[in-house]
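Working notes, structure below.
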Amino acid sequence: MAAKIFIDGSEGTTGLRINERFAGRDDIELLKIDPELRKDPAEIKKHINESDITFLCLPDQAAVEAAEMVENDHTVIIDASTAHRTLPDWAYGFPELSSEHRSKIKNSRKIAVPGCYASGFIALAFPMVKEGILPKDYPVSVFAASGYSGGGKKLISAYEEEGRDKKFDSARFYAWGQTHKHLKEMKAIPGLSREPLFSPFTTNYHSGMIVQVPLFTDLLSKKVTPEELHDFFEKYYAGEKFIKVMPFGTEAEQGGALFSDSCAGYDGMQIFVTGNDDRLVVATRFDNLGKGASGAAVQCMNIVLGCDEAKGLNL
């Protein structure tokens, strides 16, 4: 029997990509709400409780309200908002981090999809903290570039409108006040004792991102060479379909550069390790709408359904 799926917020950027990934699937039945009633609480509540799995692609407060509408013991909520990511009774939707994360996703009725920047950072920080390489009190800095689709419909419109302001031809640095909404999970999930110093920017392409973390090796709990850290990540993520540790020296083969839009449309994540014996840079490259949002949400759904995690996804 096909699983009944409802997307609350299906017209948003994340919801639209989830819909795309459902194309051709015969194991799900998509519950569609009348467009005129898509903001009607009673209608939303009815669809949530009729579903086996509901995706919440909503602002935080709306996601909290929608999650509270569940009145049965079978509906699974997969929330793409920031609202529930650090709550202990919600599974954090990044199964590759540990067997415990994957098991909790499989057995939970409440799953929080990680933020896009947070996914890129946590894929690097969580293993290093867990295995005693990165101290919990390390003064972490994170630098990240994203396609403008990560800013939602309003930012997409600003970049794509005819006769747009010329300023959007250049890089758009933001989050200067160090209050970005992903910082909370970037600290909590790896178990850091302080929030990272985070400097993101968007620029003139639709989707794809690079998240990079520079490290001084003499401040690590265990001094490692670039080659040793590369081998560490290869072993940590061995066998994972969605995480690919790129061959050491890949950036040199590409003229010493990595381009942040190269994974647009891809639902996995690439890891790079560069630098020298004194200063390392570790980085992830992925699609902010893929492993950074919709792709991760569908992967979690596949785990709940017990099918191939990559079903319907682009790897």
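The values are calculated or read from the model by the stated rules, or taken from the named source; none is laboratory data. Treat the numbers as computed from the prediction; the structure is a model and nothing was measured. Heads up, the Cβs are rebuilt from the backbone with ideal geometry, glycines too, and the neighbour counts pull from every protein chain shown.
Okay, here's what the table says:
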quantity: Given (1) outside the structural domain of Pro59 (by TED's automatic domain parsing); (2) within 22 Å of Ser81 (Cα to Cα), index of the condition Met301 fails; calculated: (1)
quantity: Qualifying residues in the range 159-180 (those that are within 21 Å of the chain's Cα centre (by Cα) and part of a loop (DSSP other than H, G, I, E, B)) - the one surrounded by the most Cβ atoms within 10 Å (Cβ to Cβ); calculated: His180
quantity: Criterion (hydroxyl-bearing (Ser, Thr, Tyr) and in contact (Cβ under 8 Å) with a residue 40 or more places away in the chain) met by exactly one of Ser170, Ser146; calculated: Ser146
quantity: Count of the range 21-46 residues which are touching a residue at least 24 places away in the same chain (Cβ under 8 Å) and either part of a helix (DSSP H, G or I) or not assigned by TED's automatic domain parsing to the domain that holds Asn72 (or both); calculated: 4
quantity: One residue from Val76, Val70 being closer than 26 Å to Glu309 by Cα and over 23 Å from the mean Cα position of the chain (by Cα); calculated: Val70
quantity: Verdict on Ser294 being under 14 Å from the mean Cα position of the chain (by Cα), of a type in the set (Gly, Ala, Ser) and within 24 Å of Tyr117 (Cβ to Cβ); calculated: yes
quantity: Residue within the range 188-196 that is assigned to a helix (DSSP H, G or I) and either under 22 Å from Tyr117 (Cα atoms) or within 16 Å of the chain's Cα centre (by Cα) (or both) present; calculated: yes
quantity: Given (1) in the same structural domain as Glu228 (by TED's automatic domain parsing); (2) closer than 22 Å to Gly295 by Cα, index of the condition Tyr92 fails; calculated: (1)
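Residue by residue, here is whether (1) out of contact with any Leu (no Cβ under 7 Å at 6 or more places or on another chain); (2) surrounded by 15 or more Cβ atoms within 10 Å (Cβ to Cβ); (3) hydrophobic (A, V, I, L, M, F, W, C) holds:
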| site | (1), (2), (3) |
| --- | --- |
| Phe6 | no, yes, yes |
| Gly12 | yes, yes, no |
| Asp26 | yes, no, no |
| Leu30 | yes, yes, yes |
| Lys39 | yes, no, no |
| Ala42 | yes, no, yes |
| His47 | no, yes, no |
| Ser51 | no, yes, no |
